[in-house]
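I have placed the structure first, in the form of C-alpha cells, so that the comments after it can refer back to it.
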Amino acid sequence: MAQKKEPVKKLRVKTASAAVWANQKDDGPVRLSATLNVQYKAGNEWKDCTSYGLMELLMLARVIEQCIDWIAAEESQRTSASGE
C-alpha cells in the first residue's frame, strides 16, 4: 500500500487554509504548489465551501499571500543551495 503524501507546509487564517506540496517528476526540479480550502460549520460538522463571500475571499487572499511568501523563500533557498 502506498504511503500517503503529506504537505511540506500548512498555513491557516481562521477557517481558510492552504497546504503546500512538493512534487518531483523523474530527475527534474522539485515544484511547489498549493491547495486551498475554506470550511464552515453546519451544526457539529465541518464542511468545505465551494463559493465564497467577502470574508472568505479576504481570508483566502491572506492565505495565498502567505503561500507566495513561503514558496518564494523556499525556492530562493533551494536555488542558493544548488549554486544556480
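Computed from the coordinates by the stated procedures, all read-outs in this text should not be read as laboratory data. These figures come from a predicted structure and were not determined experimentally. Methodologically, a virtual Cβ is constructed for each residue, glycine included, from the backbone with ideal geometry; neighbour enumeration extends over all protein chains shown.
Each row is one residue, and each column tells you yes or no for (1) of a type in the set (Val, Ile, Thr); (2) without any contact (Cβ under 8 Å) to a residue 12 or more places away in the chain; (3) in contact with a Gly (Cβ under 6 Å, 6 or more places away or on another chain); (4) exposed (fewer than 11 other Cβ atoms within 10 Å of the Cβ).
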site: 36; (1), (2), (3), (4): no, no, no, no
site: 43; (1), (2), (3), (4): no, yes, no, yes
site: 57; (1), (2), (3), (4): no, yes, no, no
site: 66; (1), (2), (3), (4): no, no, no, no
site: 70; (1), (2), (3), (4): no, no, no, no
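What do you reckon, is residue 11 surrounded by 13 or more Cβ atoms within 10 Å (Cβ to Cβ) and either assigned to a strand (DSSP E or B) or not hydrophobic (A, V, I, L, M, F, W, C) (or both)? Show your work before the answer.
On the way: surrounded by 13 or more Cβ atoms within 10 Å (Cβ to Cβ): yes; either assigned to a strand (DSSP E or B) or not hydrophobic (A, V, I, L, M, F, W, C) (or both): yes.
Judged against the criteria, residue 11 is a match.
Looking only at the range 14-34, count how many residues are in contact (Cβ under 8 Å) with a residue 12 or more places away in the chain, part of a strand (DSSP E or B) and not small (Gly, Ala, Ser).
Total meeting the criteria: 3.
Answer yes or no: is there a residue in the range 28-43 that is hydroxyl-bearing (Ser, Thr, Tyr) and in contact with a Lys or Arg (Cβ under 9 Å, 6 or more places away or on another chain).
Yes, that holds for at least one residue.
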